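Following: one structure in structure tokens, then a few remarks.
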Amino acid sequence: DAQQTRRRAQSVAQLAAGAGLPRCVVDVRHEATHNELPSAASLEEAARQALCWLAERYWDGQLAALRGAGGRLRAAARRGGAALIE
């Protein structure tokens with residue numbers, strides 16, 4: 001993180017742990033950056049876990065918000081704004 005000062009800088013692993021990111025994602029990133037590209041199986045597992053993390057931390061909440069907005073639009077349409085949902 002470019003905003004960190006040297007004295008208080010945190011490692012990528014610490015930042016990722018704070019965000020709840022699966023450790024295998026951090027490990028794959030570290031291996032690919034500093035050593036060799038991990039195996040296809042390791043990359044696939046890290047991708048699977050990253051997608052699950054995104055679903056739980058972001059996509060599920062976005063879906064709930066969109067569903068809520070749709071309900072509010074339908075209610076507004078029933079009150080006289082029928083053009084809102086056509």
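The values are calculated or read from the model by the stated rules, or taken from the named source; none is laboratory data. In this text the structure is predicted, and so the values were computed from the model without any measurement. With ideal geometry, Cβ positions are generated from the backbone for all residues, glycine too; neighbour counts draw on all protein chains shown. Just the protein is used for accessible areas: all its heavy atoms, side chains included, with ligands, DNA and RNA removed. Shrake-Rupley method; radii C 1.70, N 1.55, O 1.52, S 1.80 Å.
Details
- Residues that are assigned to a helix (DSSP H, G or I), free of Cβ contacts under 8 Å to residues at least 24 places away in the same chain and open to solvent by less than 100 Å² (accessible area, probe 1.4 Å), drawn from region 30-51: His30, Glu31, Ala32, Thr33, Ala40, Ala41, Ser42, Leu43, Glu45, Ala47, Leu51
- Tally of residues being surrounded by fewer than 16 Cβ atoms within 10 Å (Cβ to Cβ), part of a helix (DSSP H, G or I) and among the hydrophobic types (A, V, I, L, M, F, W, C) across region 9-29: 5
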